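Some notes on the structure that comes next.
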Amino acid sequence: MKKFDKDRVLLGLAAPVLSVLGALIVTGLVLLASGKEPFHAFNVMLTYGSKSDSQVYILNKATPYYLSGLAVAIGFRMNLFNIGVDGQYRLAAFFAAAVGGSMSIPGFIQIPVIILTAMVVGAAWAAIAGVLKVTRGVSEVISTIMLNSIAGIVIGYFLQDGRLGVTDKLANTITTKPIPSGSHLFNFTTQTDPVVGFIVFAGLAGVVYWFVLSRTRFGFDLRSVGRSESAAQASGVSVKKMVIVSMLISGAMAGLVGMSTLLNQSYQFSTDFPAGIGFTGIAVALLGRNNPIGIAIGALLWAFLERASNGLEFEGYDKEIVGVIQGAIVLAVVIAYELVRRYGLARQQRQVGAELAAAGSDDKQEVTA
């Protein structure tokens, strides 16, 4: 049985905890500089964010953030920076909405078809960056950023009346055809607002992420390539194949990001479909250290901060202060990770040195005897 390493767990928690503390200190200094009382602001955020309706809001908001964080984390585990999650999930949600609106079949068939459509579109869009990387050496950072823009153009082209869009004269907007009511996903009823049913799928996605990356040969190969491409190649792992497969899986996961909005809330794709969740996923994955539980905590924290900004506005604070906190967290997480990494490396070197010294002492005693 694997021995529980308490120091390793503490080191794993140190970076995100230091990041949040650092962000709070920076935010407190900003509030003091602007003549506002920081502790009252934090108390307002905590009080407002813990209300029952806020809890429902946080869960619903954190669901796509969590899936976005998982999609980004798959690439991070292999040293791939999939910046294109934003374009992948929006394009996936658009075509999934178009497919869902064009069919009228039983919901227990149509809902899986919509979800699979989103995953396939997201995977195919992400695979373009993977193919460009392994065949032409194009950085996935550049290609995925470009693909985000192209995805917006593709959506704009097809989301027109007479193509895949229809004009909603009441709202004066263009949307896809609405998904039939029989194919709306279930919600969990609460005393306030309902909790989206897609949160169950998000939880399952987290379990699959953990199992595939931690308990399978594929996950081992993926992490090996992330640590050292040359070492993985020498042990028989095809790095190019791993890049393509990783981008496919990351894109498929990204395809799920917009499903809670599509199947539980809007039931159609329109020009005001949520945007920017892919970039939030980068911060969430960094904060969660690519761990499924850590990513979940990061997603909940991000949603909590957004909700708490409304409470600050009621008390006369600028709600933009939450943006300062989020920005400070992203900055602090990079610094904290580097500090913790250096400390962990120094600790490991000390342990190896002590073990070698102990082994040398034992050998000397045996020779003397």
task: Would you calculate the separation in nanometres between label points at Ser228 and Val208, each defined as 7 Å from the Cα along the Cα-to-beta-carbon direction?
output: 3.3 nm
statement: Given backbone amide H placed at 1.01 Å from N, residues whose amide H is under 5 Å from that of Ile174, ignoring those fewer than 5 places away on the same chain, are Asp168, Thr271
message: How many angstrom lie between the Cα centre of segment 32-90 and the Cα centre of segment 235-288?
response: 15 Å
- prompt: Taking trypsin sites (Lys or Arg not before Pro) that fall in a DSSP loop and have at most 14 other Cβ atoms within 10 Å as cut points, what is the longest piece of the chain between them?
  reply: 170-318
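Which shape class, rounded, prolate or oblate, goes with the chain when its Cα gyration tensor gives a ≥ b ≥ c as root eigenvalues, a/c under 1.5 marks rounded, and past that a/b bigger than b/c marks prolate? Mind dumping the intermediate values first?
On the way: a/c = 2.17, a/b = 1.36, b/c = 1.59.
Judged from the Cα gyration tensor, the chain comes out oblate (a/c at least 1.5, b/c at or above a/b).
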- prompt: If you plug each phi of segment 227-243 into the Karplus form 6.51 cos²θ - 1.76 cosθ + 1.60 with θ = phi - 60°, what whole-Hz ³J(HN,Hα) values come out, in order, with x for Gly and Pro?
  reply: 6, 7, 5, 5, 5, 5, 4, 5, 8, x, 8, 7, 5, 4, 5, 5, 4
task: Measure nothing fancy, just the Cα-based angle from helix 140-158's long axis to the longest principal axis of the chain, in degrees from 0 to 90, nearest 10.
output: 10 degrees
- line: Going residue by residue through segment 181-197, the Karplus relation 6.51 cos²θ - 1.76 cosθ + 1.60 with θ = phi - 60° gives ³J(HN,Hα) values, rounded to whole Hz and with x marking Gly or Pro, of 4, x, 10, 7, 6, 5, 10, 9, 6, 10, 6, 10, 8, x, 8, 4, x
statement: Karplus ³J(HN,Hα) for segment 205-220 (6.51 cos²θ - 1.76 cosθ + 1.60, θ = phi - 60°; Hz, whole; x = Gly/Pro) runs 4, x, 5, 4, 4, 4, 5, 5, 7, 10, 10, 10, 5, 4, x, 5
message: Can you give me the solvent accessible area of Val207 with a 1.4 Å probe, rounded to the nearest 10 Å²?
response: 90 Å²
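Return the calculated 222 nm mean residue ellipticity for the chain, to the nearest 500 deg cm²/dmol, obtained by summing -39500 (n - 2.57) across DSSP H runs with n ≥ 4 and dividing by the residue count.
Dividing the helical sum by the residues of the chain leaves -25000 deg cm²/dmol.
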field: Estimated distance in nm for a label pair at Phe158 and Val113, the labels positioned 7 Å out from Cα along Cα-to-Cβ
entry: 1.6 nm
query: In whole Å, how far is the Cα centre of segment 165-234 from that of segment 320-355?
result: 29 Å
task: Calculate, for Val330 and Ser238, the FRET efficiency according to 1/(1 + (r/R0)^6) with r their C-beta to C-beta distance and R0 25 Å; round to the nearest 0.05.
output: 0.15
query: Around Gly165, which amide H atoms from residues at least 5 apart in sequence, or from another chain, sit under 5 Å from its own amide H, with H modelled in the peptide plane?
result: Gln160
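At 1.4 Å probe size, with every protein chain present, just tell me what the per residue accessible area of segment 38-162 comes to in Å². Spell out each step's value before the answer.
Values: 5090 Å² over 125 residues.
Ligands and nucleic acids excluded, the result is 41 Å² per residue.
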field: Inter-label distance, nm, simple model (7 Å from Cα along the C-beta direction), Asn79/Tyr343
entry: 2.6 nm
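The values are calculated or read from the model by the stated rules, or taken from the named source; none is laboratory data. Note that the coordinates shown come from a computational prediction; the quantities given were computed from them, not determined experimentally. All Cβ positions, even for glycine, are placed from backbone atoms using ideal geometry, and neighbour counts span all protein chains on display. Only protein heavy atoms, including side chains, enter the accessible area calculation; ligands, DNA and RNA are left aside. Shrake-Rupley method; radii C 1.70, N 1.55, O 1.52, S 1.80 Å.
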